[in-house]
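The values are calculated or read from the model by the stated rules, or taken from the named source; none is laboratory data. As the structure is a computational prediction, the values presented were derived from the model and not from experiment. So basically every Cβ, Gly included, is an ideal-geometry build from the backbone, and we count neighbours across all protein chains shown. Surface areas here come from the heavy atoms of the whole protein model, side chains and all, with no ligands, DNA or RNA. Shrake-Rupley method; radii C 1.70, N 1.55, O 1.52, S 1.80 Å.
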Amino acid sequence: MQNFLGSVRFATVKLNIQKQPNSPLVWIVALVLAATGAAYFAARISPAEVSRKSYLVGQTATNEIVSPKKITVIDPVETEAKRQAELSKLPAMFRFKENAADEIVATFSADFVASRRSFLDAVEKTFKKRTLPTNQVAGPRFRDVFTTFKVEHKTFPATLGQALKWAQGNPQEELQIQFRERLRIAAGRYIRSDMLHPLARTGPVRFVNDDLKGSAKELFERSHALRRTNLVGLNKARSELATSFLQNERIVSDVLTNYLKVNCAFDEPLTQQIRAERTNSIWAFVAYEPGQVIVQRGQVIDGKIKAALDQLDVPLLTPKKPLWLWALSILCATLALLIGFRTFQRRKNTDLVMMNNVVTLPTNENADRTIQAQLMPHLARGLMSKLVRGLISQRSDLIQTQNAGSEQLHELEQRLEQINTRLQTRQSAYEQRIAELEKELAATEEENRELIRAKIREARQNLEWAKAQNQ
């Protein structure tokens, strides 16, 4: 039946096309072919019709690039990482002033002598003489002179006891020598500034004399290694010097600590020059074998990939967008759809039309009534078969739905039965536990009663014993 209807439909369409030489089907086919061709040529644009420009770091690769040969390039990221790791092993150069201790001691000696002379001048101005007897030195007048002089001269390096000896004619040269030696030892250490440069905080320490001149290589060869722990900050050096004095010598220690100065300074240009000479020879290389992928499509270009692409001289291909070809393809496809839609609306009822499961035969005057008479029984039988199949299918669906509902109801009943069983089991367990606890409570109460009775008996026995003792 279906083959017969298809033959009738094909013959009708063929007759319509032959009767209408300007059929819209020809235009639809032509427009579809034109749209397909335009889209094909737009997608297959030639690489010669592209603009060329070099890759830059941070751009995205437009296509995958494979190395055609074996190349070796420098990896800037890994190179910088290796150089930074090597910097922590390279020394920090310091300039050390060797004669700084002698200068500090000489300054202190001159200030000490000048302070003693000024103090004796103040004593002479008050007492009209530079050497005083014991009774005048022990009096309050001398103390006033000492206090006034101390206020006016903040750096006076003497205590009241030392000032008494000066006024009695004892210059105390051994005390001055002792202070000088302490100051020389403290000033002879490697004293640095408390605020260190970031470059001076890593790597070993080497020092070179402050007066040496020459190239960085020569200064490095003439430098000496030094433990970092031997470098001490200025505040720490002053604190350690102050703690070496006794409590009653606090005035002297405060004065001496002010003489300490930085004698070891960080030489930043020399350190950078030496480190640059050592690290400039460090490189990290990356080898690409033939056929190895250098960059994938969509990958961001970094320094390593940029170096490899520059060595291969690979351009960035940016295709020109063939907008006119795409526009032509879309226009042809749209026209084909419009013509097909209009043709479908205006076509004549010259073929079999299916409407609501009813086959409508051609109604023109030239239709063959014999064909209609032959087709009617077949169509009726086909419709009846379709109706019966539909009813059978619906009945099967209803039976399957009923079976599924029955299974779900059975499963629900089983679950409810299981839940009921669990509840009964738990209830029995709780009742049994309550009975056990009641038994334990009764036993405990009985034990408590016996214990109380025993305590009462013991108390009565103690009472009787106490009465007997009293009698």
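Only residues that are in a helix (DSSP H, G or I) and touching a residue at least 24 places away in the same chain (Cβ under 8 Å) were counted across region 264-294, and they come to 10. The residue of region 147-161 that is modelled with the highest pLDDT, among those that are within 13 Å of L120 (Cα to Cα) and open to solvent by less than 20 Å² (accessible area, probe 1.4 Å), is F149.
Scanning region 332-346 for residues being farther than 17 Å from A38 by Cβ and either hydrophobic (A, V, I, L, M, F, W, C) or open to solvent by 100 Å² or more (accessible area, probe 1.4 Å) (or both) gives a total of 7. Among residues of region 145-176 being among the β-branched types (V, I, T) and free of Cβ contacts under 8 Å to residues at least 24 places away in the same chain, the one that is farthest from K129 (Cα to Cα) is V151.
Can you tell which of R206, R250, R297 is farther than 30 Å from K70 by Cβ, not in a strand (DSSP E or B) and not hydroxyl-bearing (S, T, Y)?
Numbers: R206 fails: not in a strand (DSSP E or B); R297 fails: farther than 30 Å from K70 by Cβ.
That would be R250, the only listed residue that is farther than 30 Å from K70 by Cβ, not in a strand (DSSP E or B) and not hydroxyl-bearing (S, T, Y).
Name the helices (runs of 4 or more DSSP H) wholly within region 105-170 that hold at least 2 residues that are among the β-branched types (V, I, T) and farther than 21 Å from L246 by Cβ?
Values: elements: 134-137, 140-152, 160-167.
Hits in region 105-170: 134-137, 140-152.
Provide a single number: the residues in region 64-93 that are in a loop (DSSP other than H, G, I, E, B) and buried (at least 16 other Cβ atoms within 10 Å of the Cβ).
In the first step, residues of region 64-93 are kept if they are in a loop (DSSP other than H, G, I, E, B); the result is 64, 67-70, 75, 88-91.
Now restrict to residues that are buried (at least 16 other Cβ atoms within 10 Å of the Cβ): 67, 75, 90-91.
Looking only at that region, the number is 4.
Of everything in region 361-413 that is of a type in the set (S, T, N, Q) and at pLDDT below 80, the residue that is most open to solvent (accessible area, probe 1.4 Å) is N366.
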